[in-house]
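Since every read-out is calculated from the coordinates, none of them should be taken as a lab result. Bear in mind that the values here come from a model prediction, so they are computed numbers and not experimental data. When we count neighbours, we look across all protein chains shown, and the Cβ atoms used for this are built from the backbone with ideal geometry, even at glycine.
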Amino acid sequence: MKKKNWSVLTLSLLVLAGLSNEAQAYPMFGKQTGLDCKACHMQHMPKLTAVGRQFAVSGMTQSNKSLDANNSKMDLHASVMFKALYEETWDKPSADGLIQETSPTAGGDWSVPRTASLFVGGRVSDHIGALIDLSYKDLEDNSIQGKIVYAKEIKDGYMGAAAYSTAGFGPFSGMETYNTGLYKPLRTFDIRKLSNAFQACEIGSSSGTGIQLYFDRDNVFRGKGHLFATVGMFTPTQDNANMQMSDNILRFARGAYEYPIGDFNFIIGGFGINGGSQVSATDPLSVQQDSYGIDFQLEGLLLGKSVSLVMSKVLQNKVTYTGVGANLLNPEENTNLNSKAFSVEGEINIFQDFGLKAAYLTFDDLSDYTQTINGDSGYARNHRDVRDIDHAYTVGADYSFELYLPMKLAIEHSWAKPSLERVKDYRDFLVSLNILF
């Protein structure tokens, strides 16, 4: 390990040793509900517990506030999230399998800040909640994203609708409450593409604008089960810059069923995305997608310790762009996708605010790379199967604490073994610090 990596690790360990583990985070939704962050977040933010899931499907309308002097039920608050990140890679291959000489992270290996976001949201009325996210990003374009949710309470649950626009949280951004990576924020690792199948296939991390209808209810089937179902449609962009949004509408559906057994809660689910069309080279740019997969989540207590286990499997993920400009889209950014993946992620809280985590992932890139770049007929041969991973192992630790402000420190390390013998094994090391206020 390089000398500066040891410096970062040493600093992290000093922080772990020197700070109190009595972390009490009260960002905007804590102010709204009056709940401690641990009531809504499993192990470490932002992963959700059953209480957090219920708050989400309520459309963010649950509140401990009564009518104010103006007879308003509005309860809106603001929070700021600041994320700093250090990352180093060793022998990471480029798209043709050659070793990249330098790490691709911004500012050398440092991103300070990696992301700085202002969130404003909460209850607008009895049945309407909203959230706006204004973000500065070091490695990506700055973004404005948000959603508005209508939620109606029914017997043992909620039903409602959400409209949203996101720069990179995926098609289920309107309403997704499980921690399996289908919605980008709800995942275990920052090194997401080497630990989570949905993130590796870019299903839960794309831009999109859409609407969702959803249904969420307790006491379904055999009295104790819980059902979540949603259907909707979206276009995989936020504007008309590259394609006409109205001409590129994709359908999606998602279902999940929970059932408690003893100290554990078992969740099994699945999703599908389908729609669009392939067009001739003279027609406007168009997208076609056919993706589906399954996921499993376990949460509960083992020997008094909070544990979670997530399994995610992408059975098919095919995204194809055709029409005017399709040949100009950068294939190095994997614009056209055809992939499968499987991952297992687990975490155990050794102490209330300190957890250890591990993940295993396999990835199969099925793209034939038929494109030619500057007349290079060997492009397909040099790129095919380069991204395939026989297995990737990721380990890490999360620590939540309070030093004037609520914070979360994560340390992660991944080892990836590519399927092609000519592609060298590579590693990724990351330290991130999240600050909320």
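Some notes on this structure:
- Cβ-Cβ distance of TYR136 and ASN219, R₀ of 51 Å, FRET efficiency by 1/(1 + (r/R0)^6): the value works out to about 0.70.
- Secondary-structure-derived ellipticity at 222 nm for the chain, considering helices only, amounts to -2500 deg cm²/dmol, per-run term -39500 (n - 2.57) for DSSP H runs with n ≥ 4.
- FRET efficiency, TYR393 to ILE348 (Cβ-Cβ, R0 25 Å, nearest 0.05): 0.90
- Working note: Karplus 6.51/-1.76/1.60 with θ = phi - 60° gives the range 236-246 the couplings x, 6, 10, 8, 9, 4, 9, 8, 6, 4, 5 Hz, where Gly and Pro are set to x.
- If R0 is 51 Å, the Cβ-Cβ spacing of ARG381 and LYS73 corresponds to a FRET efficiency of close to 0.20.
- In the chain, Cα pairs under 8 Å separated by at least six residues give a relative contact order of 15 percent.
- Cα gyration tensor category, rounded, prolate or oblate, for the range 120-190 with a/c compared to 1.5: oblate
- C-alpha center-to-center spacing [the range 375-437, the range 187-249] in angstrom: 23 Å
- Evaluating 6.51 cos²θ - 1.76 cosθ + 1.60 at θ = phi - 60° for every residue in the range 110-118, the Karplus couplings come out as 10, 10, 10, x, 6, 9, 10, 10, 10 Hz, glycine and proline recorded as x.
- Pairs exceeding a 24 Å alpha-carbon distance, out of LYS193/LYS417; LYS193/LYS318; LYS152/LYS318; LYS31/LYS137; LYS47/LYS73: LYS152/LYS318; LYS31/LYS137; LYS47/LYS73.
- Cβ-based exposure ranking for ARG387, ARG251, in which fewest neighbours within 10 Å come first: ARG251, ARG387
- The overall shape of the range 3-436 is oblate: from the C-alpha gyration tensor, with semi-axes ordered a ≥ b ≥ c, the ratio a/c is 1.5 or greater and a/b is no larger than b/c.
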